[in-house]
Amino acid sequence: MARIGFIGLGNMGLPMAQNLIKAGHAVAGFDVSRASVDKLAAAGGNAADSVNAAAADAEFVITMLPAGQHVREVYLGADGLIAKAAPGALLIDSSTIDVETARSVASAAEKKGLPMVDAPVSGGVGGAQGATLTFMVGGSTAAFERAKPILEKMGKTIVHAGGPGNGQAAKICNNMILGISMIAVSEAFVLAEKLGLEHQKLFDISSKSSGQCWSMTSYCPVPGPVPASPANRDYQAGFTAAMMLKDLRLAQDAAKAAGAKTPLGADAARIYAKYAESGEAARDFSGIIRFVRGA
Ligand code: NAD
């Protein structure tokens, strides 16, 4: 049994922390929302009333926060984790944030003698509940090996992506592929409609041909071919358009900083921005097909 501090008990963090409790760990949780802390306590966790209280005596501290600014605040503040975590505690940030923040926070932790990994996830709320998340981990080999048995209680696939920040790099590269491919598959279905080709026929052919990809075969944006996809329930999220836009913007920021040319990634970010601004930010990102159809 390990002593774990968990900070950020939202849609993802709460079920992840609950899985750690189910696995027999002692989890002290903190969130600025008291209601979330109460839910953790009801599941057998310890309610903490501050970042410090959650981290005191913890061997591992996990954070699952909205964005880079929250991570900076929780780690770098005067009363933050780097100032107050117990000596030798392993810090694990699973939030999706910019690579630069991930690297600067890890470097500040290292200076204080605290090992840290960035460990963003894919798999969504369903993956968090079912402990089937994929973790993309950046940090030293020693820190990765130490984090792995804990991450395995919340996920199914745990990959060491390289040094600090490389987990975030993997996450935004993957989601840039996803955003672009979902638009590509949507455009193909909309073109097929205009050409008189049935959705199911395009699916049957393309899912077995060179156009095959996850956006087609696992998350098909038209109702019918893949019964579990959000298209069958009015594009109820799932993974929202707002979250896709966040990740595409992180990818664009990283591309600019690194001098990489990503014109399709830039187009995808613009298209998702317009879709989100049209009042569909909370809709599943595969609902982009309705925007493509109407645009
Ligand atoms: P969420 O908004 O539901 O949860 C974030 C939680 O952090 C909230 O409960 C909020 O109150 C808390 N919080 C904010 N600032 C805090 C602070 N200073 N101290 C303590 N708690 C604080 O978001 P989520 O859906 O759980 O996502 C968390 C992260 O995971 C995000 O970075 C997101 O991009 C990423 N992610 C989400 C999904 C998904 O499907 N929801 C999938 C993959 C990755």
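Filtered by the rule that a residue be within 11 Å of the ligand (Cβ to nearest atom) and either touching a residue at least 12 places away in the same chain (Cβ under 8 Å) or assigned to a loop (DSSP other than H, G, I, E, B) (or both), the stretch 26-39 gives G29, F30, D31, V32, S33, S36, V37, K39. Can you find a residue that is within 12 Å of the ligand (Cβ to nearest atom), under 14 Å from the mean Cα position of the chain (by Cα) and open to solvent by less than 10 Å² (accessible area, probe 1.4 Å) anywhere in the stretch 133-147? The answer is yes; a qualifying residue exists.
For every residue, the table says whether it meets (1) free of Cβ contacts under 8 Å to residues at least 12 places away in the same chain; (2) part of a helix (DSSP H, G or I); (3) of a type in the set (S, T, Y); (4) surrounded by 13 or more Cβ atoms within 10 Å (Cβ to Cβ).
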| residue | (1), (2), (3), (4) |
| --- | --- |
| C220 | no, no, no, yes |
| L248 | no, yes, no, yes |
| A254 | no, yes, no, yes |
| A257 | no, yes, no, no |
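Which residue, of M182, M216, is assigned to a helix (DSSP H, G or I), modelled with pLDDT of 95 or more and within 16 Å of the ligand (Cβ to nearest atom)? Spell out how you get there, then give the answer.
Numbers: M216 fails: within 16 Å of the ligand (Cβ to nearest atom).
Checking each option against the conditions leaves just M182.
Looking at the stretch 65-80 only, could you name the residues that are surrounded by 14 or more Cβ atoms within 10 Å (Cβ to Cβ) and either in a helix (DSSP H, G or I) or among the small types (G, A, S) (or both)? Once the filter is applied, which keeps residues that are surrounded by 14 or more Cβ atoms within 10 Å (Cβ to Cβ) and either in a helix (DSSP H, G or I) or among the small types (G, A, S) (or both), the stretch 65-80 yields A67, G68, H70, V71, R72, V74, Y75, L76, G80. Within the stretch 167-182, if we keep just the residues that are open to solvent by 60 Å² or more (accessible area, probe 1.4 Å) and in contact (Cβ under 8 Å) with a residue 40 or more places away in the chain, the residue that is nearest to G287 (Cα to Cα) turns out to be N174. Among residues of the stretch 183-195 that are without any contact (Cβ under 8 Å) to a residue 12 or more places away in the chain, those with a beta-carbon under 9 Å from a residue that is part of a helix (DSSP H, G or I) and aliphatic (A, V, I, L, M) at least six positions away or on a different chain give the pairs A192/L202.
When I150 is tested against (1) within 13 Å of the ligand (Cβ to nearest atom); (2) surrounded by fewer than 24 Cβ atoms within 10 Å (Cβ to Cβ); (3) in a helix (DSSP H, G or I); (4) of a type outside the set (D, E, K, R), only condition (1) is not met. For the criterion of being in contact with a Phe, Trp or Tyr (Cβ under 7 Å, 6 or more places away or on another chain), open to solvent by 40 Å² or more (accessible area, probe 1.4 Å), away from the ligand (no atom under 11 Å from the Cβ) and in a helix (DSSP H, G or I), A83 fails. Within the stretch 41-55, residues that are in contact (Cβ under 8 Å) with a residue 24 or more places away in the chain and within 14 Å of the ligand (Cβ to nearest atom) have Cβ atoms under 8 Å from residues that are aliphatic (A, V, I, L, M) and part of a loop (DSSP other than H, G, I, E, B) in these pairs: A54/A48; A55/A85; A55/A86; A55/A89, counting only partners at least 6 apart in sequence or on another chain. Considering only residues in the stretch 93-127 that are away from the ligand (no atom under 13 Å from the Cβ) and assigned to a strand (DSSP E or B), the one that is most open to solvent (accessible area, probe 1.4 Å) turns out to be M116. Taking the criterion of being modelled with pLDDT under 95 and within 20 Å of E193 (Cβ to Cβ), would at least one residue in the stretch 272-290 satisfy it? Scanning the stretch 272-290 turns up no residue that is modelled with pLDDT under 95 and within 20 Å of E193 (Cβ to Cβ).
The residue of the stretch 1-20 that is nearest to the ligand (Cβ to nearest atom), among those that are closer than 18 Å to G124 by Cβ and open to solvent by 10 Å² or more (accessible area, probe 1.4 Å), is G10. Taking every residue in the stretch 272-286 that is in a helix (DSSP H, G or I) and pairing it with any residue that is of a type in the set (F, W, Y), at least 6 positions away or on another chain, the pairs with Cβ-Cβ distances below 6 Å are Y275/F291; F285/F239; S286/Y219. Selection over the stretch 228-242 of residues that are open to solvent by 20 Å² or more (accessible area, probe 1.4 Å) and either in contact with a His (Cβ under 6 Å, 6 or more places away or on another chain) or closer than 19 Å to A184 by Cβ (or both) gives a count of 2.
The values are calculated or read from the model by the stated rules, or taken from the named source; none is laboratory data. Here the structure is a predicted model, which is why all the values come from computation and not from measurement. Cβ sites come from the backbone with ideal geometry, for glycine too, and all protein chains shown count toward neighbours. Heads up: the accessible areas ignore ligands, DNA and RNA and are worked out on the full protein's heavy atoms, side chains in. Shrake-Rupley method; radii C 1.70, N 1.55, O 1.52, S 1.80 Å.
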